[in-house]
Amino acid sequence: MEENVKTLLDAGQTSIHNYLLLHYRDLGLDNDDMVIYLQITRLQSQGDQASPKLLAATMKVTEQAIAERLKRFVQLDLMTVQNLGNRQEYFDFTTLFDKLLSGQAVKVENPVVSAGEQSRRQVVRILQGEFGRPLSPMELQTVNQWFDIEHFDPNMMVLAIREAIANNARSLRYIESILINWQKANLTSPQAVQIEKERRRGVHYDVSSSRSQQGSKQASKKQPTVPIFKLDDL
């Protein structure tokens, strides 16, 4: 017990302004962005390099996911990157606090989907973009069922779409199979999927029987076997 207390105290503390906690969404940030900001603040206050590799290892996500988030900070003009030499970089959040203090709200289409009708429209837009065509009335009905009957989380829908596209499977049935497998495994967030992917690296799931067959022609087609927890393309 005493050793644990010493470890806790030696790790130090990271402070954050309450005003930022109250208004970070107004700046266009989401909860994951805030955790990344806190992790960067923690590392840099300790004199360490807040590299994407280290951030990814701490948050149990991919380096690519961290890189995309950091790029978004820069695009929103909330962070600048200073080159310190010897491949060392420092993340400066001065512009973030400038916007916070001046009350500049940012209206941005967040890659993490919000709730409500906006979520539904966002999922449809992503599907149509990936499929390269408008969704049929039957496909739109299926998407509505995901929201109204299955109550899948919109963020998980987007993740499942990317998973399917990464495996060259442009099919709502295939995407739904991924969502059902995640639901059965009680994986309710992208972070949970990533952790499970790391734990079960190499395990493959056959999702061909997750839904009733849609006609004899489709039934005869071989469904791809998917590494459900592959998130390297996010």
Report summary line: By the Cα gyration tensor axes a ≥ b ≥ c (a/c under 1.5 gives rounded; else a/b larger than b/c gives prolate, otherwise oblate), the shape of the range 121-160 is oblate
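What is the gain in length, in nm to one decimal, between Asn168 and Lys60 on full extension, counting 0.36 nm per residue of separation less the C-alpha to C-alpha distance?
Details: separation 108, 0.36 × 108 = 38.88 nm, distance 2.56 nm.
Length gained between Asn168 and Lys60: 36.3 nm.
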Report task. Tell me which residues come under 5 Å, amide H to amide H, from Glu89 once H is placed; ignore anything under 5 positions away on its chain. Result -> Leu84
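Given 0.36 nm per residue, what is the gain on full extension from Ile180 to Gln46 after removing their alpha carbon distance, in nm? Don't jump to the answer; show the numbers that get you there.
Details: separation 134, 0.36 × 134 = 48.24 nm, distance 4.26 nm.
Net length gain for the segment: 44.0 nm.
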Query raised in the report: Per-residue HN-Hα couplings for the range 165-178, Karplus 6.51 cos²θ - 1.76 cosθ + 1.60 at θ = phi - 60°, whole Hz, x for Gly and Pro?
Result: 4, 4, 9, 6, 10, 8, 8, 5, 4, 5, 4, 5, 4, 4
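Once you sort the root eigenvalues of the Cα gyration tensor of the range 134-185 as a ≥ b ≥ c, which label holds: rounded (a/c under 1.5), prolate (a/b larger than b/c) or oblate (the other case)? Show your work: numbers first, answer last.
Values: a/c = 1.87, a/b = 1.07, b/c = 1.75.
Oblate shape, in that a/c is at least 1.5 and b/c is the bigger or equal ratio.
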**Report entry** Full-stretch length increase - Tyr90, Glu198 - with 0.36 nm per residue and alpha-carbon distance subtracted
**Finding:** 36.0 nm
Requested in this report: Take the alpha carbon gyration tensor of the range 41-90, find the square roots of its eigenvalues, order them as a ≥ b ≥ c, and report rounded if a/c is under 1.5; if not, report prolate when a/b exceeds b/c, else oblate.
Outcome: oblate
Query raised in the report: How many nm is it between the label spots at Gln191 and Leu21, if each spot is 7 Å from the Cα in line with the beta carbon?
Result: 1.6 nm
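We did not get these values from a lab; they are worked out from the coordinates using the rules stated. Just so it is clear, the structure is predicted and the values come from calculations on it, not from any experiment. Backbone-built Cβ (ideal geometry, glycine too); neighbour counts: all protein chains shown.
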